[in-house]
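Structure, as structure tokens:
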Amino acid sequence: MAFTNEQLERYSRHIILKEVGAKGQKKLLNSSVLIIGAGGLGAPAAMYLAAAGVGTIGIADADEVDLSNLQRQVIHTTADLGKAKVKSAKETMQAINPDVKVNTYRKFITSENIMDIIRDYDFIIDGTDNFPAKFLINDACVMAQKPFSHAGIIRFKGQLMTYVPGEGPCYRCVFKDPPPKDAVPTCKQAGVIGAMGGVIGSLQAMEAVKYIIGKGDLLTGRLLTYDALTMTFRTIKLPKNHDCPVCGDHPTITKLIDYEQAECDMHM
Amino acid sequence: MFIKVAGEKKEYPEGLTVKELIEKEDVETPQYVTVTINDEFVESGAFESTEVKAGDEVEFLYFMGGGAR
């Protein structure tokens, strides 16, 4: 497929990069990324991936846009209040770049539906806010051999890591089981600075783009942490856990698990 | 002895266990923290019996939710 003149202009800042070029831009246009959660992390990730010309973007979220979302979820506007987040996100992505095909999944991910949803995508972005969903995404991606970016944000801190099948640890290598309900504070309880989603969600988009174009080093086997108050980025080496119950040498988790979640953060 | 905790050089007495270090460093939600020493995981069941040695590099890894809502 040849670029149209409009595409040459639109993606000119990419095409001029030696790491991207026309070849990389074509890879982006032919790629597909699924974003689970159209919130603080998913919003910037979705906008940058749409702008970058990722050909197919899936977005999954069961929620509607709430006034308390707008302090950080920049893909939604005040006019979108009450609208399904996936619809609002799709409209913004297509307004940014009509080249992009957006698939919406207005549902919670569960052990029943996640395999069907992730199947057709090259890369998955975990932009969820609760541990049951994060463990479900991890296990499903390990089982389906899908690369994904995990991230979390709270208060003035954020962190992310990338799982690539066969290369380096999964989320469960680092954290064996979800913490009990309410044992670890959520953003709703503890707060989060709005731009944190912008920083970490954009880094997730960056990992997806690098994976697709096949350039640079991903955050496999490394956790990148960011502390906004001290303005410090660190990368912490993550060993592979050979006893990991899902990706280790002798997996004991071979079926997806729906963990219980506190009522207040049932939603993605 | 000197050790590194989250990249920072710190002085602690010899014989310090991982459990004691978690207390001294005032780690948030200590029962759910993951610990690595020199890029190897320490089993949470072994925090009390594992001693930190001079020159060790200790990292604390925290659960972090956040994202959508």
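The values are calculated or read from the model by the stated rules, or taken from the named source; none is laboratory data. Remember, predicted model here, so these are calculated numbers, not experimental data. Virtual Cβ from ideal backbone geometry, glycine too; neighbours counted across all protein chains shown. We work out accessible area using only protein heavy atoms, side chains counted, and drop any ligands, DNA or RNA first. Shrake-Rupley method; radii C 1.70, N 1.55, O 1.52, S 1.80 Å.
The figures follow:
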read-out: Positions within region A:205-242 being of a type in the set (D, E, K, R) and out of contact with any helix residue (DSSP H, G or I) (no Cβ under 9 Å at 6 or more places or on another chain), in sequence order; value: A:E207, A:K210, A:R222, A:D227, A:R234, A:K237
read-out: Hey, B:E23 in a loop (DSSP other than H, G, I, E, B), surrounded by fewer than 16 Cβ atoms within 10 Å (Cβ to Cβ) and among the acidic types (D, E) or not; value: no
read-out: Helices (runs of 4 or more DSSP H) wholly inside region A:150-222 containing at least 3 residues that are at pLDDT 95 or above and at negative phi; value: A:171-174, A:194-213
read-out: Verdict on A:K27 being farther than 30 Å from A:A84 by Cα, open to solvent by 40 Å² or more (accessible area, probe 1.4 Å) and either of a type in the set (A, V, I, L, M) or not in a loop (DSSP other than H, G, I, E, B) (or both); value: yes
read-out: Single condition A:Q73 does not satisfy, out of (1) closer than 20 Å to A:G198 by Cβ; (2) away from every other protein chain (no Cβ under 13 Å); (3) outside any strand (DSSP E or B); value: (2)
read-out: Test for A:I59: is it in contact (Cβ under 8 Å) with a residue 12 or more places away in the chain and more than 13 Å from the chain's Cα centre (by Cα); value: no
read-out: Complete set of residues in region A:196-235 that are over 25 Å from B:G7 (Cα atoms), over 16 Å from the mean Cα position of the chain (by Cα) and among the hydrophobic types (A, V, I, L, M, F, W, C); value: A:I213
read-out: Residue within region B:19-41 that is on the phi > 0 side of the Ramachandran plot, more than 9 Å from chain A (Cβ to nearest Cβ) and in contact (Cβ under 8 Å) with a residue 40 or more places away in the chain present; value: no
read-out: Which numbered condition A:A190 fails, given (1) surrounded by fewer than 17 Cβ atoms within 10 Å (Cβ to Cβ); (2) in contact with a Phe, Trp or Tyr (Cβ under 9 Å, 6 or more places away or on another chain); value: (2)
read-out: Selected residue (only one of A:D61, A:D66, A:D129, A:D99 is surrounded by 24 or more Cβ atoms within 10 Å (Cβ to Cβ), over 30 Å from A:G248 (Cβ atoms) and acidic (D, E)); value: A:D61
read-out: Criterion violated by B:E28 - all others in (1) at pLDDT below 95; (2) part of a helix (DSSP H, G or I) satisfied; value: (2)
